[in-house]
1. Of 230, 184, 216, which is farthest along the charge dipole of segment 160-266 in the positive direction, counting Lys and Arg as +1 and Asp and Glu as -1 at C-beta?
2. Pop out the ³J(HN,Hα) list for segment 42-55 in order, Karplus 6.51 cos²θ - 1.76 cosθ + 1.60 with θ = phi - 60°, rounded to Hz; leave Gly and Pro as x.
3. Roughly how tilted is helix 135-148, in degrees to the nearest 10 and between 0 and 90, from the longest Cα axis of the chain?
4. Using the Cβ atoms and a cut-off under 14 Å, what net charge is assigned to the surroundings of residue 168, where Lys and Arg are +1 and Asp and Glu are -1?
5. Would you work out what percent of the accessible area of segment 183-239, with all protein chains in place, is carbon or sulfur (probe 1.4 Å)?
6. Tell me the angle of helix 97-114 to the major Cα principal axis of the chain, expressed in degrees between 0 and 90 and rounded to the nearest ten.
7. Could you check how much of the accessible area of segment 86-151 is carbon and sulfur, as a whole percent, using a 1.4 Å probe?
8. Looking only at 206, 28, 46, which one moves most when the chain is put into a Gaussian network model with springs between Cα atoms under 10 Å?
Amino acid sequence: MDLIREKLLKRNFKILFWVQAFMNVKLVNMISTLFYVKRGLNLTEVFLLVIVWAIVNLIFEVPSSYMADKFGRKKTLMIGIVFAMLSSILNILAYSFPMFILATASYAFCFACFTGTDDALIYDTNKELKKDDSSLKELGKYYSAQRIFKIFSPLIAAFLANELLDWQFNLINLLDLLSVIIAFGLTIFLIEPKHKEDVFEEQTAVFKEAVKLFLSDKIFFKAMLSRTLIFISGFILWRIYQDYYFNLGLTLLAIGLLTSSYQLII
């Protein structure tokens, strides 16, 4: 391997870190439930959007892995980011449930494009650099990027949307769009490593093994079902806490402070 390529490959880790960080600014998450309600949705429709996200993500989990192997990790990530941009644009334009479904589905597809693809890029980069043993370390750094801006973004969002006016919602979505555009710009500088990991084969095997386990091990199935029910219960609380606290009289800044504290502890 020539020294220039080696240097560029080593830069992948830092670039991916900041791509992940800017993809997770997500100012709108802080006010998402209030945003949906103000745009005419009820809480039932808010929950249905979560189901839409889960279904789209599941449907495209394996196909996106095939894309990563066929067209490359870098191109798959870039395609995903384009759909994240589309999601922010649709959020600005959305005033109906069908439009929010499109926005949610777009972001779910983006998430599917990232899942496994980013890990494979890190693994392949380390493999080409002959540093296989440092993959776990690099993945740890990479996933910490998900929290970096989330420590501050809830407070920023709460300050910007303090009166819950329509233009404030649009401003927050525009800032999210800007952060995603920055992530796209950074992705351009990634270097595609030689493919060592078959993402499609791995994701397909995981899916098949999961189905096999559910069908063959009743105790395991019951355990996973119980865990899922507990998760759903907690998720319901998470999905409505903004609206609930706001209706109790808490200010958005107070809710933002609680959310930022949570992210910092995590």
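1. Farthest towards the positive end: 216.
2. 9, 5, 4, 5, 4, 5, 5, 4, 5, 5, 4, 4, 5, 5
3. Helix 135-148 and the main axis of the chain meet at about 20 degrees.
4. Details: positive: 38, 39; negative: 163, 166, 176.
Net of charged neighbours comes to -1.
5. 72
6. Computed tilt is about 30 degrees.
7. On the way: 2000 of 2890 Å².
Here carbon and sulfur together make up 69 percent of the probe-accessible area.
8. Result for the chain, Cα springs under 10 Å: 206 fluctuates most.
The values are calculated or read from the model by the stated rules, or taken from the named source; none is laboratory data. It should be emphasised that the depicted structure is a prediction, and the values quoted were computed from it without experimental measurement. So basically every Cβ, Gly included, is an ideal-geometry build from the backbone, and we count neighbours across all protein chains shown. Just so you know, the surface numbers come from the protein's heavy atoms only, side chains and all, with ligands and any DNA or RNA stripped out. Shrake-Rupley method; radii C 1.70, N 1.55, O 1.52, S 1.80 Å.
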